[in-house]
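The values are calculated or read from the model by the stated rules, or taken from the named source; none is laboratory data. As the structure is a prediction and not an experimental result, all values here were calculated from the model. In this analysis, Cβ positions are derived from the backbone assuming ideal geometry, glycine residues included, and neighbour counts consider all displayed protein chains.
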């Protein structure tokens with residue numbers, strides 16, 4: 001991703017010896033998402049999110065955020081996406097993005113009352129309740145058109161790691177990818193925030209009219225949190241695989257909405273926390 005790493009001079013201490021040399025760090029900059037929509041009094045524009053992200057695939061990030069928050073329901077709700085505002089200091093990155101919704105798209109103003117502020121580490125703070133998903137009307141993912149072999153699942157982390165170009169430079173980015181039952185990575189994204197990486201994947205699928213993605217799974221390079229499970233659920237993706245641990249609320253969400261949750265996908269092993277019916281055992 002262009003502009004995703006930044007060169008710095010560091011002092012490295014090793015075995016008691018100090019050496020000055022160049023290093024690369026992941027870029028972290030704020031992105032403000034502005035939404036333009038119709039109201040009874042005419043068009044309105046509102047800032048609905050400020051997220052700390054790694055620049056690159058900002059259109060997908062913004063679209064994925066709106067979709068996973070159930071502010072929009074389909075790609076056709078979006079009339080246009082454009083960057084605006086001045087470039088960030090010492091950067092060519094434009095850190096404001098404006099999404100125009102179609103004139104016939106209704107927006108639940110209640111969902112926009114609070115100003116979303118997200119950090120690169122935790123996502124939207126306070127979204128720890130399943131009630132919001134029930135209110136929106138999200139249904140369990142009972143359609144089992146995705147089934148994957150255990151050996152195929154085991155091969156996914158290596159494929160994901162091979163595509164983490166900026167991680168190779170900085171060691172500081174999370175990755176997420178949508179994958180098929182054959183183990184093909186359909187779309188792969190990196191970001192300093194794990195939730196942003198997933199939003200970029202969801203936004204990419206949305207803009208390609210591939211949602212709900214009932215035939216795809218989602219793999220993430222870190223842990224499986226409630227928020228990442230929520231994003232997979234809203235996107236219709238019935239399986240989430242994580243190389244690290246799941247949280248208790250992620251397991252609860254997976255069980256309630258009939259999702260498959262895989263944790264500790266490392267080496268030749270993995271744990272199934274929910275939805276074992278989608279995993280084809282090899283022996």
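Quick one: is residue 249 over 12 Å from the mean Cα position of the chain (by Cα), over 19 Å from residue 147 (Cα atoms) and surrounded by 20 or more Cβ atoms within 10 Å (Cβ to Cβ)? Step through it out loud before you land on a result.
Numbers: over 12 Å from the mean Cα position of the chain (by Cα): yes; over 19 Å from residue 147 (Cα atoms): yes; surrounded by 20 or more Cβ atoms within 10 Å (Cβ to Cβ): no.
Criteria not met by residue 249.
Assess whether residue 153 counts as being in contact with a strand residue (DSSP E or B) (Cβ under 8 Å, 6 or more places away or on another chain) and over 20 Å from residue 257 (Cα atoms). Break it down stepwise before answering.
Numbers: in contact with a strand residue (DSSP E or B) (Cβ under 8 Å, 6 or more places away or on another chain): yes; over 20 Å from residue 257 (Cα atoms): yes.
For residue 153, the condition - in contact with a strand residue (DSSP E or B) (Cβ under 8 Å, 6 or more places away or on another chain) and over 20 Å from residue 257 (Cα atoms) - is met.
Find the residue count for region 254-266, including only residues that are within 16 Å of residue 214 (Cβ to Cβ) and either crowded, with 20+ Cβ neighbours inside 10 Å or in contact with a helix residue (DSSP H, G or I) (Cβ under 6 Å, 6 or more places away or on another chain) (or both). First the steps, then the outcome.
First, the residues of region 254-266 that are within 16 Å of residue 214 (Cβ to Cβ): 254, 257-260.
Keeping just the survivors that are either crowded, with 20+ Cβ neighbours inside 10 Å or in contact with a helix residue (DSSP H, G or I) (Cβ under 6 Å, 6 or more places away or on another chain) (or both) gives 254, 257, 259-260.
Total meeting the criteria: 4.
Considering only residues that are part of a helix (DSSP H, G or I) and touching a helix residue (DSSP H, G or I) at 6+ places or on another chain (Cβ under 6 Å), which ones fall in region 240-253? Working first, answer last.
Start the filter on region 240-253 by keeping residues that are part of a helix (DSSP H, G or I), which leaves 248-253.
Passing the criteria: 249, 250, 253.
Quick test for you: out of 258, 199, 282, pick the one residue that is farther than 20 Å from residue 77 by Cβ and either modelled with pLDDT of 95 or more or not in a loop (DSSP other than H, G, I, E, B) (or both).
On the way: 199 fails: farther than 20 Å from residue 77 by Cβ; 282 fails: either modelled with pLDDT of 95 or more or not in a loop (DSSP other than H, G, I, E, B) (or both).
Residue meeting the stated conditions: 258.
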